[in-house]
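Some notes on the structure that comes next.
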Amino acid sequence: MSYRLPHVLLLAVVSATGALSGCVQQPVEHNLADQYPDSQQLDLLNYQPVAAELNDESNPTSIEVLRTGRYTLVSTSAHAGQSNLMQQMVQVRIPTRLNPTVGDGLAHTLDRSGYQLCSETGKPVIETLFSRPLPAAHYELGPMPLQAALQLLSGPSYQLQVEPVTREVCFSLRVAKLDQAGD
């Protein structure tokens with residue numbers, strides 16, 4: 001009997017070990033390259049992300065806000081009129097007692113906008129525009145974007161031109177196509 005006891009004991013230990021090891025699953029390492037053979041791995045050494053440009057409107061990221069009170073959140077992003085000055089909102093009221101010209105209306109609209117009106121000297125087209133009386137309908141404008149207000153004041157015959165470096169605003173005559181139906 002002593003001969004059978006060690007064999008039975010050994011058989012019991014091996015069976016128990018086998019049964020216990022069958023219950024425990026070993027972690028399997030998955031290789032992503034094997035799972036996705038069409039993918040490529042990029043090595044970006046010393047890569048540092050660059051912040052998006054303020055004027056980049058094609059990047060609609062989430063808006064960051066700052067809590068300034070219990071119920072008040074303030075956006076930390078620049079408004080459209082701050083990053084593109086021609087899109088700033090203006091509201092214009094020109095005093096009626098001035099008997100203003102279009103040039104006066106344009107100068108008044110550009111006041112505190114960051115832009116200045118171009119010089120009319122030596123430019124007959126600009127002299128003509130600036131010397132015209134301002135229509136009564138244009139004594140009060142807005143709120144509207146600066147660009148729209150300037151184009152409205154100049155009228156459909158003139159094209160607004162902006163020099164971004166010097167922040168100067170000027171106008172050119174639009175080229176009209178004559179209908180030559182009589183030919």
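Every read-out reported here was derived from the displayed coordinates using simple, explicitly stated rules and does not represent laboratory data. Nothing here was measured: the structure is a model prediction, and the numbers come from that model. Methodologically, a virtual Cβ is constructed for each residue, glycine included, from the backbone with ideal geometry; neighbour enumeration extends over all protein chains shown.
Brief remarks follow.
- Residue 170 sits among other residues whose Cβ lies under 14 Å from its own Cβ, and their net charge, with Lys and Arg +1 and Asp and Glu -1, is -1.
- Fully extending the segment from residue 77 to residue 98 would add 3.6 nm, taking 0.36 nm per residue of separation and subtracting the current Cα-Cα distance.
- Backbone amide hydrogens, once placed in the peptide plane, bring residue 117 within less than 5 Å of 169, excluding anything fewer than 5 places away on its chain.
- At R0 = 25 Å, FRET efficiency that the Cβ-Cβ distance of residue 119 and residue 91 yields, to 0.05: 0.40
- Applying a DSSP loop filter and a limit of 14 other Cβ atoms within 10 Å to the trypsin sites (Lys or Arg not before Pro) in the range 80-149 leaves 112.
- Rounded if a/c under 1.5, otherwise prolate or oblate - the range 102-183, Cα gyration tensor axes: prolate
- Using equal-weight Cα scatterers in the Debye expression, the normalised intensity of the range 57-122 in log10 at q = 0.13, 0.16 Å⁻¹ is -0.61, -0.75.
- Cα shape, the range 126-168, gyration tensor, a/c 1.5 rule: oblate
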